[in-house]
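Worksheet: one structure, shown below.
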């Protein structure tokens, strides 16, 4: 029994940039709203943490993209 080759994913599903950028923006909007509405709650700090982690994720994506353009063997590439 032969195995069929898996078809490649569509480019829209491989584009992580918009997901990370929009998600990070949403975390920051929620954080600002909660800062004024419910000062000092765990939800406010969770939202600020989510925004901060989103920025870290975006920087890692940028770093990986630049490494791929340089031709680094360790860089993650989506072909």
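Bear in mind that the values in this text are calculations on the coordinates, not laboratory data. Every value quoted in this text rests on a predicted model; they were computed, and no experiment measured them. As a convention, Cβ positions derive from the backbone with ideal geometry for all residues, glycine included, and neighbour counts pool all protein chains shown.
Based on Cα contacts under 8 Å between residues 6+ apart, the chain shows a relative contact order of 28 percent.
GNM remark for the chain: springs join alpha carbons under 10 Å apart, and the peak mean-square fluctuation among 37, 47, 25 falls on 37. Under the simplified labelling scheme, the residue 26-residue 73 pair shows an inter-label distance of 4.0 nm, with each label point 7 Å from Cα along Cα→Cβ. Note on residue 45 and residue 63: their simple-model spin labels are 2.6 nm apart, each label 7 Å out from Cα toward Cβ. Computed from Cα atoms, the angle from the helix 17-37 axis to the main principal axis of the chain rounds to 10 degrees. Panel order for 28, 36, by other beta carbons found within 10 Å of each beta carbon, from fewest to most: 36, 28. Against the longest principal axis of the chain, how steep is helix 42-70, in degrees 0 to 90 to the nearest 10, with axes from Cα atoms? Taking the Cα atoms of the chain, the angle to 42-70 is about 30 degrees. Simple spin-label estimate for residue 36 and residue 13 gives 4.1 nm between the two label positions (7 Å along the Cα-to-Cβ direction from each Cα).
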